[in-house]
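**Student:** Below is one structure. I have some questions about it.
The values are calculated or read from the model by the stated rules, or taken from the named source; none is laboratory data. Note that the coordinates shown come from a computational prediction; the quantities given were computed from them, not determined experimentally. Neighbour counts are summed over all protein chains in view; Cβ atoms, including those assigned to glycine, are modelled from backbone coordinates with ideal geometry.
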Amino acid sequence: MRITVKTSLFCLSIGLTVLTLPAFAGNESNYRYLALGDSVAFGYNPTVTKLVPDSFVGYPELVADAMRLARSKKEVNGSCPGQSSTSFLYGGPDIGCEPFRAAVGLHTEYSGTQMSFAISQLQSNKHINLVTLSIGGNDLSLLQAQCSAAPSFPDCVQQALPAVLTTYSQSLAVILAGIRAEYSGTIVLLKYNFINTDPLFQHVIQLLNQAMTDVGSQFPNVKFADGYAAFEFAAATSGGDPCVAGLLVKLPDGTCDIHPSLTGQQVLASAVLVALSH
């Protein structure tokens, strides 16, 4: 399936509805793994019918399970679907984090911004020895909305993208500096995967991932989980198409949604585990 660039280029929320794990409440003072981010980390899936947080499972829950942290509640997930890098820090423009939070709730309930939550957890819990972060996809979703009515969508994207990446880089640097001020352990940044074979889509995602790498590399003990390369490898025998490869959720009409299937989520979790092994 070829997904039209204009309608799906930047819809990067990923999730599934397969497992049912406890919603971690963030009240354990000795948990070890703090997961942060957007829909990727939350495990958002638009086909979920039971709209409660524990219906959604993202790669952090799979990583925690593989590390034997899930059952003992040693993982806390502070992610929010729709969160942009700017709203992570200050609130404001994103793709619906606060409405989702109000209507459905999060894996971990807290007040204020995700950044303030992360800092408070890192200050109060010195047992944390892993932080993962996936942020930036919704910065591109905002760009999609900006260009949706433009005479030429690709031209609009090409013209506006540099400013978006600059703002993203600045926000990511502030996020990482804030985390590093309170925490010296491992941080894993998850690079975004692709959901189709469109060259424009792939180019833009690669630029976002490069910006992530450029900023993250300036901080000590930051590792990169290459979700993009992991999807490439997993889809290699299917013509590079993540839908054909079974990495995306199948819809009733036989096409694929943009969100990862259980297989796709396992691929992302595996990328994190590979990064941790190096």
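**Student:** Being over 15 Å from LEU62 (Cα atoms) and modelled with pLDDT under 90 is the filter here; which residues of the stretch 256-278 pass it?
**Tutor:** CYS256, ASP257, ILE258, HIS259, HIS278
**Student:** Continuing with this model, one more query. From the list GLU61, GLU98, which residue is under 26 Å from ALA163 (Cβ atoms) and either modelled with pLDDT under 95 or among the charged types (D, E, K, R) (or both)? First the steps, then the outcome.
**Tutor:** On the way: GLU61 fails: under 26 Å from ALA163 (Cβ atoms).
On inspection, the qualifying residue turns out to be GLU98.
**Student:** Here's another thing I want to ask about it. Picking from SER39, SER120, SER87, SER116, which residue would you name as being at pLDDT 95 or above and in contact with a Pro (Cβ under 8 Å, 6 or more places away or on another chain)?
**Tutor:** It is SER87.
**Student:** For the stretch 210-243, name all the residues that are in a loop (DSSP other than H, G, I, E, B) and touching a residue at least 40 places away in the same chain (Cβ under 8 Å). Steps first, answer last, please.
**Tutor:** Of the residues in the stretch 210-243, the ones in a loop (DSSP other than H, G, I, E, B) are 217-221, 235, 239-243.
Residues satisfying the conditions are GLN218, PHE219, PRO220, GLY239, GLY240, ASP241, PRO242, CYS243.
**Student:** Also, quick follow-up: Is it fair to say GLU98 is under 18 Å from the mean Cα position of the chain (by Cα), of a type outside the set (Ser, Thr, Tyr) and buried (at least 17 other Cβ atoms within 10 Å of the Cβ)?
**Tutor:** no
**Student:** Considering only residues of the stretch 162-209 that are in contact with a Lys or Arg (Cβ under 8 Å, 6 or more places away or on another chain) and free of Cβ contacts under 8 Å to residues at least 60 places away in the same chain, which is nearest to LEU142 (Cα to Cα)?
**Tutor:** Looking at the filtered set, the residue picked out is ASN209.
**Student:** Something else about it: Any idea how many residues of the stretch 132-166 are in a helix (DSSP H, G or I) and within 18 Å of the chain's Cα centre (by Cα)?
**Tutor:** Going through the stretch 132-166 one residue at a time, the tally reaches 10.
**Student:** Which of the residues belonging to the stretch 94-118 are in contact with a Leu (Cβ under 6 Å, 6 or more places away or on another chain) and in a loop (DSSP other than H, G, I, E, B)?
**Tutor:** VAL104
**Student:** Next up: Taking the criterion of being more than 24 Å from LEU248 (Cα to Cα), touching a strand residue (DSSP E or B) at 6+ places or on another chain (Cβ under 9 Å), assigned to a helix (DSSP H, G or I) and modelled with pLDDT of 95 or more, would at least one residue in the stretch 199-209 satisfy it?
**Tutor:** No, the stretch 199-209 contains no residue that is more than 24 Å from LEU248 (Cα to Cα), touching a strand residue (DSSP E or B) at 6+ places or on another chain (Cβ under 9 Å), assigned to a helix (DSSP H, G or I) and modelled with pLDDT of 95 or more.
**Student:** Within the set of pairs 6 or more residues apart or between chains, which connect a residue that is surrounded by fewer than 20 Cβ atoms within 10 Å (Cβ to Cβ) inside the stretch 59-77 to a residue that is modelled with pLDDT under 80 and in a loop (DSSP other than H, G, I, E, B) with Cβ atoms less than 7 Å apart?
**Tutor:** LYS73/PRO22; LYS73/PHE24; LYS73/GLU28
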